[in-house]
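Colleague: A single structure is presented below for examination.
The values are calculated or read from the model by the stated rules, or taken from the named source; none is laboratory data. Just so it is clear, the model here is predicted, and its values are computed rather than measured. Cβ placement follows ideal geometry from the backbone for every residue including glycine, while neighbour counts extend to all protein chains displayed. These accessible areas exclude ligands, DNA and RNA; they are computed on the full protein's heavy atoms, side chains included. Shrake-Rupley method; radii C 1.70, N 1.55, O 1.52, S 1.80 Å.
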Amino acid sequence: MAVDGESVSMPMAVSACVGMALFYVLILYAPTVILRLPSASSYLEFMIRRFICAAVSTLASLVFTAFVLPIKSWEASVYGIRTDHLWQGVIYPLLLTSLIYAGSLVSKLLLLLESWKETGGGCSSFNNIISFVQTIPSSVVTGASNVSVWRNFIVAPVTEELVFRACMIPLLLCAGFKIYSAIFLCPILFSLAHLNHFREMYIRHNRSYLRASLIVGLQLGYTVIFGAYASFLFIRTGHLSAPLFAHIFCNYMGLPVLYARGKGLVSLAFLGGVVGFVSLLFPLTKPLMYNDRTDDCPCWFGYCLWN
C-alpha cells in the first residue's frame, strides 16, 4: 500500500468525524424533509427508507475517508475488512464480551433448569428439547422476514461499525491522536448518533420529557461504554469483525443482568465475569494474535502503535 508523506491534521480529523456523525443521523430524515416524500404508509416502508439512508451515509463516509487518508490505493484492509485471522477476530472478542454477560447467561440457564423441573425432567424434557430444535428452521425464516431483526442485528451494527470505527479511528490515529484519546472520542460521537431516539421515547412515554430523558440518558451512557470497548477491539486487533460481532451479540443480549431476586448465583456469576473480563482484556486482544506482524505499518493501524 502506497502512502503519501502528508498526514491528516487534528482539526480536520475531528471536523470530519463530527461531520460523519451528524450526516449519519440527519440523513435519516432526508426522505420527508429534503425529498418531500409522503410519510411512510407502514413500519416496514419506514424502516426500509432508513436502511437506504444508513447505507448511503456509510458509503459516503467510506469514500470520503479513502480520499482524506494519506493513501494512493483503495484497500478494504484500510477499514479493518480482512479475511486473514478471521476466526480469531470473531471468536476471541465474542468470548471476551460474553464474560460481561455471565450473569445474564446464568439467569437464562436457571430459567431453563426451572422449566425442566416443572416438566418433570426425563423423557418429557428430552421431547421438549427435540421440539425446540425442530422449531429452529421456522424461527430463522421468521427472523429473516422481521425488519426489526434486520435493524438490530445487521443494518445498525454494520453501518455503525463502518462509520464510527472503520472510518473515524483511522482518521484520528493518522492525525496524531493518542490511542486512548481515539478510544474515548469516537464513543462520544457514537452516543450523539443515538440522540434521535429521544423523539421516539418522548412519544412512546406519553410525551414525558423526564421519563424520555432518563431512558435516553441511560442508553447514551451504555453506548459510550460499548463504543469505547468496540474502539479498543478495533485498534487492538485491526479487524472490523471484532467490534462488529461484539456489537451484534450485545444487541441480542441487551443490558447485562447484575442480579436476580432470590438468585445470588446470578450476581456471583456477574462479578466473576467482570473479573475474568478485566483479567483477559489485554491477553485475548494481543495484536500478534490477529496479525502476522505489528511493525512497519501505516499510521492508521493502531495495533502497530500499541506494540
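Colleague: Please go through the stretch 239-258 and pick out each residue that is aromatic (Phe, Trp, Tyr) and modelled with pLDDT of 95 or more.
Modeller: So the first thing to find is which residues in the stretch 239-258 are aromatic (Phe, Trp, Tyr), and the list is 245, 249, 252.
If the condition is that a residue be aromatic (Phe, Trp, Tyr) and modelled with pLDDT of 95 or more, then PHE245, PHE249 are the ones that fit.
Colleague: I would also like to ask the following. Does the stretch 224-246 contain any residue that is among the β-branched types (Val, Ile, Thr) and open to solvent by less than 40 Å² (accessible area, probe 1.4 Å)?
Modeller: Our first condition is that a residue be among the β-branched types (Val, Ile, Thr); within the stretch 224-246, this holds for 224-225, 235, 237.
Now restrict to residues that are open to solvent by less than 40 Å² (accessible area, probe 1.4 Å): 235, 237.
Yes, the conditions are met somewhere in the stretch 224-246.
Colleague: Right, something else. How about the stretch 89-107: which of its residues are open to solvent by 10 Å² or more (accessible area, probe 1.4 Å) and touching a residue at least 24 places away in the same chain (Cβ under 8 Å)? Give the steps one after another, and end with the answer.
Modeller: Initially, the stretch 89-107 is screened for residues open to solvent by 10 Å² or more (accessible area, probe 1.4 Å), giving 90-92, 94-95, 98-100, 102, 105-107.
Result: VAL90, TYR92, LEU94, LEU95, SER98, LEU99, ILE100, ALA102, LEU105, VAL106, SER107.
Colleague: Would you check which residues across the stretch 1-19 are at pLDDT 90 or above, outside any helix (DSSP H, G or I) and open to solvent by 60 Å² or more (accessible area, probe 1.4 Å) and list them? Show your work before the answer.
Modeller: To start, the set of residues in the stretch 1-19 that are at pLDDT 90 or above comprises 9-19.
In the following step, the residues that additionally are outside any helix (DSSP H, G or I) were identified as 9.
Matches in the stretch 1-19: none.
Colleague: Filter the stretch 289-307 down to the residues that are over 18 Å from MET168 (Cα atoms) and under 23 Å from the mean Cα position of the chain (by Cα), then identify the one that is surrounded by the fewest Cβ atoms within 10 Å (Cβ to Cβ).
Modeller: Of everything passing the filter in the stretch 289-307, MET289 is surrounded by the fewest Cβ atoms within 10 Å (Cβ to Cβ).
Colleague: Does ILE52 satisfy the condition of being at pLDDT 85 or above, of a type in the set (Val, Ile, Thr) and open to solvent by 80 Å² or more (accessible area, probe 1.4 Å)? Working first, answer last.
Modeller: Values: at pLDDT 85 or above: yes; of a type in the set (Val, Ile, Thr): yes; open to solvent by 80 Å² or more (accessible area, probe 1.4 Å): yes.
Spelling it out, ILE52 is indeed at pLDDT 85 or above, of a type in the set (Val, Ile, Thr) and open to solvent by 80 Å² or more (accessible area, probe 1.4 Å).
Colleague: If you take the residues of the stretch 158-187 that are among the β-branched types (Val, Ile, Thr) and open to solvent by 10 Å² or more (accessible area, probe 1.4 Å), which of them is nearest to LEU244 (Cα to Cα)? Quick ask: steps written out before the conclusion?
Modeller: Applying the first criterion (among the β-branched types (Val, Ile, Thr)) to the stretch 158-187 yields 158-159, 163, 169, 179, 183.
Cutting the leftovers down to open to solvent by 10 Å² or more (accessible area, probe 1.4 Å) gives us 158-159, 179.
Numbers: VAL158: 7, THR159: 10, ILE179: 19 Å.
Going through the qualifying residues, I end up with VAL158.
Colleague: Right, another one. Which residue out of ARG261, ARG236 is basic (Lys, Arg) and at pLDDT 90 or above?
Modeller: Being basic (Lys, Arg) and at pLDDT 90 or above holds for just one of ARG261, ARG236, which is ARG236.
Colleague: For the stretch 198-233, how many residues meet the condition of being at pLDDT 95 or above and more than 17 Å from LEU281 (Cβ to Cβ)?
Modeller: 0
Colleague: If GLY273 meets every condition in (1) out of contact with any Leu (no Cβ under 6 Å at 6 or more places or on another chain); (2) modelled with pLDDT of 95 or more apart from one, which number is that one?
Modeller: Result: GLY273 passes all but (1).
Colleague: Taking the condition of being in a helix (DSSP H, G or I), under 25 Å from LEU86 (Cβ atoms) and open to solvent by 40 Å² or more (accessible area, probe 1.4 Å), how many residues in the stretch 270-288 meet it? So that I can check it myself, show each step before the final result.
Modeller: Narrowing the stretch 270-288 to residues in a helix (DSSP H, G or I): 270-280, 283-285, 287-288.
Going one step further and asking which of them are under 25 Å from LEU86 (Cβ atoms), we end up with 276-277, 280, 283-285, 287-288.
Then keep just the ones that are open to solvent by 40 Å² or more (accessible area, probe 1.4 Å); that gives 280, 283, 288.
So the count comes out to 3.
Colleague: I would also like to ask the following. What about PRO31, is it open to solvent by less than 40 Å² (accessible area, probe 1.4 Å) and out of contact with any Ser or Thr (no Cβ under 8 Å at 6 or more places or on another chain)? Step through it out loud before you land on a result.
Modeller: Values: open to solvent by less than 40 Å² (accessible area, probe 1.4 Å): yes; out of contact with any Ser or Thr (no Cβ under 8 Å at 6 or more places or on another chain): yes.
When the stated conditions are applied, PRO31 passes them.
Colleague: Looking only at residues that are over 20 Å from SER61 (Cβ atoms) and hydroxyl-bearing (Ser, Thr, Tyr) in the stretch 24-41, which one is modelled with the highest pLDDT?
Modeller: Step by step, filter the stretch 24-41, then rank; the result is SER41.
Colleague: When you scan the stretch 60-75, do you find a residue that is open to solvent by 70 Å² or more (accessible area, probe 1.4 Å), outside any helix (DSSP H, G or I) and either touching a strand residue (DSSP E or B) at 6+ places or on another chain (Cβ under 7 Å) or under 25 Å from VAL155 (Cβ atoms) (or both), even just one? If you could, list the steps in order and put the result at the bottom.
Modeller: From the stretch 60-75, those open to solvent by 70 Å² or more (accessible area, probe 1.4 Å) are 64, 67, 72, 74-75; that's our starting set.
Cutting the leftovers down to outside any helix (DSSP H, G or I) gives us 72, 74-75.
Within this subset, residues satisfying the condition of being either touching a strand residue (DSSP E or B) at 6+ places or on another chain (Cβ under 7 Å) or under 25 Å from VAL155 (Cβ atoms) (or both) are 74-75.
Taking every residue of the stretch 60-75 in turn, at least one turns out to be open to solvent by 70 Å² or more (accessible area, probe 1.4 Å), outside any helix (DSSP H, G or I) and either touching a strand residue (DSSP E or B) at 6+ places or on another chain (Cβ under 7 Å) or under 25 Å from VAL155 (Cβ atoms) (or both).
Colleague: Do you know which of the residues in the stretch 247-269 that are open to solvent by 80 Å² or more (accessible area, probe 1.4 Å) and in a helix (DSSP H, G or I) is farthest from SER191 (Cα to Cα)?
Modeller: LEU265
Colleague: Taking LEU26, is it in contact with a helix residue (DSSP H, G or I) (Cβ under 7 Å, 6 or more places away or on another chain), open to solvent by 20 Å² or more (accessible area, probe 1.4 Å), among the aliphatic types (A, V, I, L, M) and over 25 Å from TYR229 (Cα atoms)? Spell out the reasoning first.
Modeller: Working: in contact with a helix residue (DSSP H, G or I) (Cβ under 7 Å, 6 or more places away or on another chain): no; open to solvent by 20 Å² or more (accessible area, probe 1.4 Å): yes; among the aliphatic types (A, V, I, L, M): yes; over 25 Å from TYR229 (Cα atoms): yes.
Taking the combined requirement at face value, the residue does not satisfy it.
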